[in-house]
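Undergrad: What follows is a structure written as structure tokens; I'll ask about it next.
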Amino acid sequence: MNDKNPFLDHIIITGGLSGIGLETLKVISHNNPKSKIIITSREHESGFKKLKQAFPESKNIELLELDLSKDISVDNFLKEIKKNCKQIFSLILNGGFIETSPCLMTTQNSIEEHLKINYTNNIKIVQFIVRKYMLKQKHGSVVNISSSAAKFANGGRLAYAASKAAMTLAIKVMSRELGKNNITFNSISPGLTESKLMRNSTDEDKIEDYLNCVDNRRIGMPREIAYLINFLISDKNTHITGQDISIDGGI
């Protein structure tokens, strides 16, 4: 990012190069052509290559390195934001981590890693952005991408579901305390959504079980989630806050 030419209006999407994040980037970029969108990747060089492949001519997308498992990476990310951004109107917390295991075999390390990536460092980012920008602006929106696992306690997801549930509850608390400042705080809980991450973390038999019990008998598509995110951060959303919105085809 260029220190001499800081952008005036920013939208941040953590993890915006695959799955739900990439589709969200496409939708928001199309609908907010005058905003600079910051996305993140754990590795800047490989992430930059992916960004150029997906958006070869885009001028309103910026990539910053962010590894939510490393405190120093989070600190450096926030320093870059502080140095370069004058206003931030939307923060979309999409970056996350999942590792499945039977509940009695889930290790302490796995629990701690899920909490650090899906909860603790996300809280740190929200606190910084809201204090530094949104409270001063008296305007802003925070959208947390949670999971249906946080509601329905799917087998094999003890650490993942707990970390997502913790973040979802935190978002509700923030809305309760800070909603009076014209800032909206919401979570979205997708069901199974077509992505590489979903395929790598969900056995085929579990997918079949899901399709047999979901009302519309299909897996969700990332763009369907992206449209909801785009609405929640838009000026059209003036009264939805403190919610955990399911978008799962009817579980």
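Undergrad: When only residues in the stretch 218-231 that are more than 21 Å from residue 182 (Cβ to Cβ) and open to solvent by less than 30 Å² (accessible area, probe 1.4 Å) count, which is farthest from the chain's Cα centre (by Cα)?
TA: Within the stretch 218-231, the match that is farthest from the chain's Cα centre (by Cα) is 219.
Undergrad: While we're looking at this one, here's another question. Starting from the stretch 81-99, keep only residues that are closer than 15 Å to residue 41 by Cβ, then list their pairs with residues that are surrounded by fewer than 18 Cβ atoms within 10 Å (Cβ to Cβ) and acidic (Asp, Glu) whose Cβ atoms are within a distance under 9 Å, requiring at least 6 positions of separation or different chains.
TA: 97/113
Undergrad: Now a separate question. Which members of the stretch 148-178 meet the condition of being modelled with pLDDT of 95 or more and touching a strand residue (DSSP E or B) at 6+ places or on another chain (Cβ under 6 Å)?
TA: Answer for the stretch 148-178, where residues must be modelled with pLDDT of 95 or more and touching a strand residue (DSSP E or B) at 6+ places or on another chain (Cβ under 6 Å): 167, 168, 171, 174, 175.
Undergrad: May I pose another question? All but one of (1) more than 16 Å from residue 96 (Cβ to Cβ); (2) open to solvent by less than 10 Å² (accessible area, probe 1.4 Å) hold for residue 188; state the number of the condition that does not hold.
TA: Evaluating residue 188 over (1) more than 16 Å from residue 96 (Cβ to Cβ); (2) open to solvent by less than 10 Å² (accessible area, probe 1.4 Å) leaves (1) as the failure.
Undergrad: Going by the structure shown, is residue 215 over 24 Å from residue 10 (Cα atoms), open to solvent by 90 Å² or more (accessible area, probe 1.4 Å) and charged (D, E, K, R)? Lay out the reasoning, then the answer.
TA: Values: over 24 Å from residue 10 (Cα atoms): yes; open to solvent by 90 Å² or more (accessible area, probe 1.4 Å): yes; charged (D, E, K, R): yes.
So residue 215 passes the test.
Undergrad: Name the one entry in 246, 234, 201, 195 that is surrounded by 15 or more Cβ atoms within 10 Å (Cβ to Cβ), under 23 Å from residue 12 (Cβ atoms) and not aromatic (Phe, Trp, Tyr). Don't jump to the end; show me each part of the working.
TA: Numbers: 246 fails: under 23 Å from residue 12 (Cβ atoms); 234 fails: surrounded by 15 or more Cβ atoms within 10 Å (Cβ to Cβ); 201 fails: under 23 Å from residue 12 (Cβ atoms).
So the residue among 246, 234, 201, 195 that is surrounded by 15 or more Cβ atoms within 10 Å (Cβ to Cβ), under 23 Å from residue 12 (Cβ atoms) and not aromatic (Phe, Trp, Tyr) is 195.
Undergrad: Can I ask one more? Kindly provide the set of residues from the stretch 151-168 that are open to solvent by 30 Å² or more (accessible area, probe 1.4 Å) and more than 15 Å from the chain's Cα centre (by Cα), ordered by number.
TA: Once the filter is applied, which keeps residues that are open to solvent by 30 Å² or more (accessible area, probe 1.4 Å) and more than 15 Å from the chain's Cα centre (by Cα), the stretch 151-168 yields 151, 152, 153, 154, 155, 157, 158, 162.
Every residue, every condition in (1) in a loop (DSSP other than H, G, I, E, B); (2) of a type in the set (D, E, K, R); (3) farther than 20 Å from residue 231 by Cβ; (4) at pLDDT below 95, yes or no:
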residue: 30; (1), (2), (3), (4): no, no, no, yes
residue: 37; (1), (2), (3), (4): no, no, no, no
residue: 48; (1), (2), (3), (4): no, no, yes, yes
residue: 73; (1), (2), (3), (4): no, no, yes, no
residue: 80; (1), (2), (3), (4): no, yes, yes, no
residue: 98; (1), (2), (3), (4): yes, no, yes, yes
residue: 111; (1), (2), (3), (4): no, no, yes, no
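The values are calculated or read from the model by the stated rules, or taken from the named source; none is laboratory data. Being a predicted model, the structure only gives us computed values, none of them experimental. With ideal geometry, Cβ positions are generated from the backbone for all residues, glycine too; neighbour counts draw on all protein chains shown. The accessibility values were calculated without ligands, DNA or RNA, using every heavy atom of the protein model including side chains. Shrake-Rupley method; radii C 1.70, N 1.55, O 1.52, S 1.80 Å.
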